[in-house]
Amino acid sequence: MSSRAQYSLLFATDPTSALMVVDGRPGRPFEGQVVLVSGARQGIGAAIARAFIAEGARVAALVHKPEQAQEVEDWLASAGICVTADVTNEGECRAAVRECEDQLGACNVLVNAAGIAISKKFVDTDQDTWRRVIATDLDGPYHLIRAALPAMLARGSGVVISIASTAGLQGGRYIAAYTAAKHGLVASRGPLLPNIRAAASASTASALRT
């Protein structure tokens, strides 16, 4: 492991900034790198996955259900693989990351783009709605980061991009659960980054001693 470990954490409130990691790099900066993108079936996730492919990356496009695979395989072609997981399920997330590692290699970049929003006032948000949104928008990134991080730490580098929202910076009247989840996602950077740095420092120190 390199004594100069490098990690990046990006919590993007503007989805277009999810590719800011390529700024200032010539050519195809992600040529041969492995990128896992959740929520890759449509919308922001699909756009990000396609953009990374254009930058030379090999992409593991994560979708929710097996029957959705064809929707991404049409544009994924030979640039990567499609993996399936319910991001609310830790075991399925770990299995998806393992499949990515087995077929493409350990991911250099993880993009958490899967998410849902249900429009209800706080007083009208029942427990099932609250738990469903929190499980998808906050627990999902937690599960995938936990699954992908060990390989990044072992390699000494990695990028984690989590798509947040302006709702993660201010209140949303009709999206109570979504607002809470995105605030939690943005706030999770606080404890996550020093833990990564501490683990990287410990690994580096161990490598330097051997």
Practice prompt. Confirm whether Tyr142 is crowded, with 20+ Cβ neighbours inside 10 Å and at pLDDT 90 or above.
Written response: no
Worksheet item: Taking Ile161 and the conditions (1) surrounded by fewer than 23 Cβ atoms within 10 Å (Cβ to Cβ); (2) in contact (Cβ under 8 Å) with a residue 60 or more places away in the chain, which numbered condition does it fall short on, given that it satisfies the others?
Response: (1)
Practice prompt. Tell me, yes or no, whether the stretch 70-79 has at least one residue that is closer than 26 Å to Gly32 by Cα and modelled with pLDDT of 95 or more.
Written response: no
Response to the item:
Flagged in the stretch 93-127 as touching an Asp or Glu at 6+ places or on another chain (Cβ under 7 Å) and crowded, with 18+ Cβ neighbours inside 10 Å, in numbering order, are Gly115
Worksheet item: For the stretch 65-158, which helices (runs of 4 or more DSSP H) that fit wholly inside it have 3 or more residues that are touching a residue at least 24 places away in the same chain (Cβ under 8 Å), under 19 Å from Ala49 (Cα atoms) and within 16 Å of the chain's Cα centre (by Cα)?
Response: 90-103, 140-155
Fill in: Count - residues of the stretch 164-202 that are modelled with pLDDT under 75 and either among the β-branched types (Val, Ile, Thr) or crowded, with 16+ Cβ neighbours inside 10 Å (or both)
6
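The values are calculated or read from the model by the stated rules, or taken from the named source; none is laboratory data. Quick caveat, the model's predicted, so the values are computed rather than measured. Positions of Cβ are backbone-derived with ideal geometry, glycine not excepted, and every protein chain shown enters the neighbour counts.
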